[in-house]
1. Sticking with the crude label model, points 7 Å out along Cα→Cβ, report the distance from Val114 to Ala66 in nm, one decimal please.
2. So how do Cys17, Cys197 line up by other beta-carbon neighbours within 10 Å, fewest first?
3. In deg cm²/dmol and to the nearest 500, what is the mean residue ellipticity at 222 nm of the chain if only DSSP H runs of at least 4 residues count, each as -39500 (n - 2.57), divided by the residue total?
4. If I stretch the segment between Arg33 and Ile225 completely, what's the gain in nm (0.36 nm per residue apart, minus their alpha carbon distance), one decimal?
5. Please give me the summed charge of the neighbours of Leu205: other residues whose Cβ is under 9 Å from its Cβ, Lys and Arg +1, Asp and Glu -1.
6. Straight-line reach from Lys83: which aspartates and glutamates have a Cα under 14 Å away, not including same-chain ones fewer than 8 places off?
7. Give, to the nearest whole percent, the P(r) tail of the chain beyond 26 angstrom, counting all Cα pairs.
8. Between Glu190 and Thr96, what FRET efficiency follows from the Cβ-Cβ distance if R0 is 22 Å, with the result rounded to 0.05?
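Every number here is computed from the coordinates shown, using simple stated rules; none is lab data. This one's a predicted model, so the numbers in the text were calculated from it and none came from an experiment. Neighbour counts run over all protein chains shown; Cβ positions are idealised from the backbone, glycine included.
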Amino acid sequence: MFLDREHAPTEDEQYECYKAMVEALGGLPMVLRTVDIGGDKPVDYLGLSEHDLSFLGLRGIRLGLARPDIIKTQLRAVFRAAKHGPIKLLFPMIATPNDFRRIRQIAETVRKEVDGPQIDLGVMIEVPAAVTMAPELAKVVDFFSVGTNDLTQYGLAVDRTHPLLAKRADSLHPVVLRMIDTATKAAHAEGKWVGVCGGLAADPLGAQILTGIGVDELSMPAALIPAVKEKLRKANLADLQALAKRALAQDDAVAVRLIPPAV
């Protein structure tokens, strides 16, 4: 709703869209990420410079905090739609617990304004700072969602859109896997669940390794679900855990890809 248009979507426009989505799920929860433009998702209507919208600029929640009019409009629509079905709200580009506390306070103010229901609030784990602060974040959030595309980019210091460097941005690199392992352990220590919503979850080998690490939920395009489900259903959990342990001990992504899969 935010891309390829001349102006930001209105509150009512967003509300109608979210309401239709949550009603279509028939009672199943919908995880909705707040606006995450910038980087490889630029827009013109905000009047921001190319520098502002860079991968290290006003991405994700940084834009929401810098432009509260944008995030408050979306939050109002979300809490109104949450009256029609369960929504879990996910904040991108969170780096520290204070980032989350600031946006949580804004969200709670908006929720009261529209008399919306209490909903779970989670954070994207997609910058190394969030991994380092994962034990502290896990104490204040309801769930983690690992964005492996950006976590790979920031963890390996590789612009994933650069034609000469894109091959280096491999989410099966042990650096990325170890960060996911760290975040998962921190979340589970506080009784919180962890999902992965980046491209790695859709990779059959990646899905096996993530399951072995202990990730609770994998998100991927619908067309890829059957193949990944088949791989996981045929595998033994102990074998997946052994696979993950071997992957975490490798030196690079090439070595990880050479490990025989569990099935």
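1. The answer from the label model is 2.4 nm.
2. The fewest-first ordering by Cβ neighbours comes to Cys17, Cys197.
3. Details: 12 runs with 126 residues, N = 263.
So the calculated ellipticity at 222 nm is -14500 deg cm²/dmol.
4. Values: separation 192, 0.36 × 192 = 69.12 nm, distance 2.05 nm.
Once the chain is fully extended between Arg33 and Ile225, it gains 67.1 nm.
5. Residues close to Leu205 contribute a combined charge of +1.
6. Of all the aspartates and glutamates, those that pass the test against Lys83 - Cα under 14 Å, at least 8 places apart if same chain - are Glu16, Glu23, Glu113, Asp115, Asp120.
7. Cα-Cα pairs in the chain separated by more than 26 Å: 43 percent.
8. 0.85
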